[in-house]
Each structure stands twice: as C-alpha cells, then as structure tokens.
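Enquirer: The structure's right below; bear with me while I get my questions together.
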Amino acid sequence: MWKIGPIEIESRAILAPMAGVTGHPFRMLCREQGAGLVYTEFVSANGIIRENEKTLDMMKFKEAERPIGVQIFGETPAVLAQSAKYIEETVKPDIIDLNFGCPVPKVTKRGAGSAILKDLPLMDEVAKAVVEAVSIPVTAKIRAGWNSGCIIAPAAAEALQDAGIAAITLHPRTTKQLYTGEADWGLIAETRKAISIPLIGNGDIKSAQDAKRMMDETGCDAVMIGRRALGNPWIFKEINEYLEKGTIPEPIRLIDRVKLCHRHLHMEALSIGQFRGTNYIKKHLSWYLKGFPGASAYRQRLYSIMEFAAMDGELNKIIEELESDRELANYTYREEGPLFPNVPNSRDNY
C-alpha cells in the first residue's frame with residue numbers, strides 16, 4: 001500500500017493513459033488483473049470547458065475503477081484550471097493528472113504536452129493554477145526534456161513539487177526521441193533525489209523483472225505500464241506477484257487470450273454500442289492474437305467482420321476449435337522483445 005496525497009493505492013503497477021485505448025472496458029480488465037491506479041484517455045482542457053460531448057464521454061467511469069485519474073492537456077493556465085474544477089465537480093475522479101509528457105506533434109505544436117517543458121515558468125503557472133482550483137490530488141507526467149540538449153526532468157520535477165503537485169511520472173525519453181532509443185532510467189534516479197513526493201517510473205518495462213529492476217535501480221515508488229499492457233492486462237498480476245513473492249505466473253495460454261478478447265468485445269458493445277464496439281475491438285485483436293503459429297490467419301478471419309453477432313459467433317467458433325486442439329490452445333509465450341511495433345505513435349499517448 002502506498003499513497004498519492006490521501007489516495008491509497010494497493011499495487012505499485014499503474015496503467016498509463018493511452019489515447020484510443022484506455023476506455024472503460026480496458027481499464028476494468030487491467031484493474032481486475034491488479035493495476036493499482038488507472039487513467040482515462042487524455043482529454044483536452046478546451047474540449048472540457050466547451051462541454052464537447054465526445055470529450056465528456058471519455059471521462060466517464062464506474063466506481064469499480066477507483067482509484068482513477070483523469071488526465072488533461074492544454075497550454076493555458078486559466079483554461080486548465082477551469083477544466084480541472086469542472087472535472088472535480090461533475091466527474092469526481094480521485095486524481096487530476098497534467099499531461100506534460102505527450103510528444104505527438106499535433107499536441108506539441110499547440111504548446112501543450114511535452115512542449116511545455118521548453119517553458120518551465122509556464123509549466124509552473126499551469127501547475128499552481130490547477131492545484132489551487134481543486135481539492136483532490138494533482139499529479140503530472142513529464143518527459144526528460146525537449147531534446148538531448150535540454151534535459152530538465154529533475155529541475156521540472158522539483159518545480160512541480162514546489163507548486164503543490166502530489167506525484168510525478170517520468171518517461172525518461174526526450175520529446176524528439178518519441179519512442180526510439182532506450183529510456184534513460186538513470187534520469188529517474190536523479191529525479192528521485194530531487195523530490196520527496198512519489199515518483200512513478202515509465203519506459204521500457206517489458207516484464208515483471210524489468211519493473212522490479214527499475215524500482216531497485218532508481219528508487220521510484222511505482223511503475224507505469226503503457227504499451228506492454230496492450231493485449232496483455234495480465235502484466236499487472238505478474239508484476240504484483242514478482243514484487244511480493246519473487247515468482248511469475250505461468251504465461252497465459254492462447255485459449256485464455258481468445259476468451260478474454262471475446263469478453264472484451266462484449267464489454268465494448270455494452271460501453272459504446274455493438275457496431276462501434278465491434279470495430280473498435282479490432283485494434284485489440286491485433287494485440288491479443290499475436291505470437292503463435294497461424295496468428296495472422298486468425299486475425300484475417302476477424303478483421304473483415306462488421307457486425308457484432310458475426311464477430312461474437314466467429315470468436316466462439318475459434319474457441320471451439322482451440323478446445324479440440326489442446327496443443328494449440330495451451331500455446332504460451334511471454335514477449336520480452338521490442339515493444340509492439342504496430343502501435344501507431346499518433347494514437348499512443350505513452
């Protein structure tokens with residue numbers, strides 16, 4: 001058990017906010033597998049104060065998801081403060097998180113996301129305005145800096161702490177790196193020394209062993225998992241067991257992956273409707289159904305389906321086929337290589 005402000009968190013493994021991914025069903029699946037804290041998709045502060053219906057829908061959650069944070073992005077202190085106050089009063093999450101880490105050009109060109117790290121006085125002004133506007137804890141996600149000549153994470157973290165930020169997540173790559181190269185965990189260790197509030201490490205955690213190694217080497221209080229959770233919500237259970245007992249559960253069988261994908265389909269249908277849910281689940285199909293013999297054939301059978309009943313029926317058929325082929329049904333793998341290359345950066349917040 002650890003805390004962000006008064007919020008008690010049971011697990012040291014946290015689900016990152018990811019655009020187009022961390023809707024209610026996926027958050028619930030990760031919570032069930034032991035994610036200690038989850039976040040909504042990041043939402044625009046401008047969209048919130050305009051009461052954009054799509055933006056407001058992205059912030060809805062169920063009580064079973066708590067503790068939960070809503071992450072907002074923007075570049076204007078007054079707008080961010082106003083949106084944070086609106087979120088606290090109407091959505092009532094446990095945490096407000098400030099996105100100072102998104103490197104995607106469509107965000108940084110507006111001066112938002114990690115672009116704000118080029119203007120620490122503005123970052124400080126934003127943080128103070130939001131902290132003063134709400135009574136719940138405010139956290140922030142940052143990157144190493146804008147580029148290799150501008151590494152400012154320890155200084156930025158210290159300034160954020162002084163502004164009243166309750167916890168910081170650091171992804172130790174620069175904006176210009178996007179998701180290339182290696183995350184500099186040494187920078188997490190430097191930042192740990194600069195602040196006393198909780199520090200969450202993020203970047204290049206591919207396994208439970210990596211999570212423990214990051215915590216041991218850097219002194220961070222918790223780890224945030226993004227792309228490695230795609231098609232693999234079980235990673236939270238693996239991290240928790242390894243941190244608590246030093247053991248890792250057996251890799252998940254193929255049939256269990258298909259069954260969870262099937263359940264995920266039904267959850268999406270209930271959440272956003274059968275037609276939208278059927279088409280949305282296809283991005284998750286590519287993550288659930290990979291890394292086993294004949295994976296592409298299974299995906300091709302499903303990608304062209306447009307109707308919920310047909311997708312439901314085909315997944316049931318695949319499950320029946322696997323139940324009659326125990327060798328394939330019991331196929332397992334634990335991917336610890338490069339992070340998913342088919343995750344488009346423009347839709348992946350972290």
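Enquirer: List the helices (runs of 4 or more DSSP H) that sit entirely inside the range 255-339 and contain at least 2 residues that are of a type in the set (D, E, K, R) and more than 30 Å from residue 183 (Cβ to Cβ).
Expert: Where helices (runs of 4 or more DSSP H) fall fully within the range 255-339 and carry at least 2 residues being of a type in the set (D, E, K, R) and more than 30 Å from residue 183 (Cβ to Cβ), they are 308-323, 326-329.
Enquirer: So for the range 89-109 (the condition being more than 25 Å from residue 27 (Cβ to Cβ) and among the β-branched types (Val, Ile, Thr)), does at least one residue qualify?
Expert: Yes - at least one qualifying residue is present in the range 89-109.
Enquirer: Inside the range 209-225, can you point out the residues that are of a type in the set (Gly, Ala, Ser) and crowded, with 24+ Cβ neighbours inside 10 Å?
Expert: 211, 222
Enquirer: Residue 166 passes all but one of (1) of a type in the set (Gly, Ala, Ser); (2) without any contact (Cβ under 8 Å) to a residue 24 or more places away in the chain; (3) more than 26 Å from residue 105 (Cα to Cα); which number fails?
Expert: For residue 166, the failing item is (2).
Enquirer: Which of (1) assigned to a helix (DSSP H, G or I); (2) more than 22 Å from residue 27 (Cβ to Cβ); (3) among the charged types (D, E, K, R) does residue 238 not meet, given it meets every other one?
Expert: Condition (2) is where residue 238 drops out.
Enquirer: Here's a follow-up. Give the residues of the range 30-45 that are touching a residue at least 60 places away in the same chain (Cβ under 8 Å), part of a helix (DSSP H, G or I) and either surrounded by 20 or more Cβ atoms within 10 Å (Cβ to Cβ) or aromatic (Phe, Trp, Tyr) (or both), sorted by residue number.
Expert: 30
Enquirer: Another question about this same structure. Confirm whether residue 190 is part of a helix (DSSP H, G or I) and acidic (Asp, Glu).
Expert: It is true that residue 190 is part of a helix (DSSP H, G or I) and acidic (Asp, Glu).
Enquirer: Go through the range 178-203 and give me each residue that's within 21 Å of the chain's Cα centre (by Cα), more than 22 Å from residue 134 (Cβ to Cβ) and touching a residue at least 40 places away in the same chain (Cβ under 8 Å).
Expert: Once the filter is applied, which keeps residues that are within 21 Å of the chain's Cα centre (by Cα), more than 22 Å from residue 134 (Cβ to Cβ) and touching a residue at least 40 places away in the same chain (Cβ under 8 Å), the range 178-203 yields 178, 179, 184, 187, 202.
Enquirer: Determine, yes or no, whether residue 315 is outside the structural domain of residue 26 (by TED's automatic domain parsing), within 27 Å of the chain's Cα centre (by Cα), of a type outside the set (Asp, Glu) and at pLDDT 95 or above.
Expert: It is true that residue 315 is outside the structural domain of residue 26 (by TED's automatic domain parsing), within 27 Å of the chain's Cα centre (by Cα), of a type outside the set (Asp, Glu) and at pLDDT 95 or above.
Enquirer: Further question: Could you grab the pairs with beta carbons closer than 8 Å, sequence gap of 6+ or different chains, first residue in the range 254-279 and surrounded by fewer than 18 Cβ atoms within 10 Å (Cβ to Cβ), second one of a type in the set (Asp, Glu) and part of a helix (DSSP H, G or I)?
Expert: What qualifies is 266/312; 276/268.
Enquirer: Let me ask something additional. Considering every residue within the range 168-187, establish whether at least one is surrounded by fewer than 19 Cβ atoms within 10 Å (Cβ to Cβ), assigned to a helix (DSSP H, G or I) and hydrophobic (A, V, I, L, M, F, W, C).
Expert: For the range 168-187, residues surrounded by fewer than 19 Cβ atoms within 10 Å (Cβ to Cβ), assigned to a helix (DSSP H, G or I) and hydrophobic (A, V, I, L, M, F, W, C): absent.
Enquirer: Here's something else I'd like to know. Does the range 217-228 contain at least one residue that is out of contact with any helix residue (DSSP H, G or I) (no Cβ under 7 Å at 6 or more places or on another chain) and free of Cβ contacts under 8 Å to residues at least 60 places away in the same chain?
Expert: Within the range 217-228, not a single residue is out of contact with any helix residue (DSSP H, G or I) (no Cβ under 7 Å at 6 or more places or on another chain) and free of Cβ contacts under 8 Å to residues at least 60 places away in the same chain.
Enquirer: Could you grab me the full set of residues in the range 186-210 that are over 18 Å from residue 2 (Cβ atoms), modelled with pLDDT of 95 or more and either in contact with a Gly (Cβ under 7 Å, 6 or more places away or on another chain) or basic (Lys, Arg) (or both)?
Expert: 189, 193
Enquirer: Return the pair list, or none, for Cβ contacts closer than 8 Å from residues in the range 299-328 that are without any contact (Cβ under 8 Å) to a residue 40 or more places away in the chain and under 15 Å from residue 280 (Cα atoms) to residues that are surrounded by fewer than 17 Cβ atoms within 10 Å (Cβ to Cβ) and basic (Lys, Arg), at least 6 apart or on different chains.
Expert: Final answer for the pair search is 302/282; 303/282.
Enquirer: Can I ask one more? Report, by residue number, each residue of the range 206-235 that is under 13 Å from the mean Cα position of the chain (by Cα) and either of a type in the set (Val, Ile, Thr) or assigned to a strand (DSSP E or B) (or both).
Expert: The answer is 223, 224, 225, 235.
The values are calculated or read from the model by the stated rules, or taken from the named source; none is laboratory data. No experiment lies behind these values; they were computed from the predicted model shown. Glycine also receives a Cβ, built like all others from the backbone with ideal geometry; neighbour counts cover every protein chain displayed.
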